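Structure record follows, encoded as structure tokens.
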Amino acid sequence: MMRLMGIDYGDARIGIALSDLLQITAQGYTTLKNTQDETVFDEIQKIIKEKEVGKIVLGLPKNMDNTEGFRAKATYEFADKLREYTDKEIVFCDERLSTVAAQTYMNTMDIRGKKRKGLVDTIAAALILENYMKSR
């Protein structure tokens with residue numbers, strides 16, 4: 001079996017999470033600086049190869065009324081560009097409140113300061129991936 005990769009896409013940072021090989025658990029992996037160029041896609045491609053990723057789960061930002069706003073458009077554009085770098089299937093998963101849940105988790109764990117900034121995206125990616133795995 002192959003791993004799943006969860007992605008929390010943002011203008012400044014991209015959170016990455018990975019499942020275990022049995023696709024039971026999701027763990028935060030890293031946060032990439034979104035350079036808005038091929039560098040970030042090369043980094044994602046490298047992780048896909050090294051970690052034997054079989055499918056990508058991309059968080060889709062939706063409004064609370066289930067409509068898609070301007071952030072969803074940016075996410076679709078990111079997915080289209082990512083498809084140029086990998087042949088792995090990309091599926092979308094509703095990411096509403098994933099960042100809020102990640103911030104709540106960090107508050108509970110008393111994570112503060114500079115660590116918090118990059119970690120929120122990694123945790124959000126893990127929550128997106130976890131929600132996807134639970135929904136299957």
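Annotations
- Debye log10 I(q)/I(0) at q = 0.26, 0.30 Å⁻¹ for segment 47-87, Cα point scatterers: -0.90, -1.03
- The alpha carbons of segment 28-96 give a radius of gyration and a Dmax of 12.7, 38 Å, in that order.
Read-outs throughout are calculated quantities, based only on the coordinates presented, and are distinct from any laboratory measurement. As the structure is a prediction and not an experimental result, all values here were calculated from the model.
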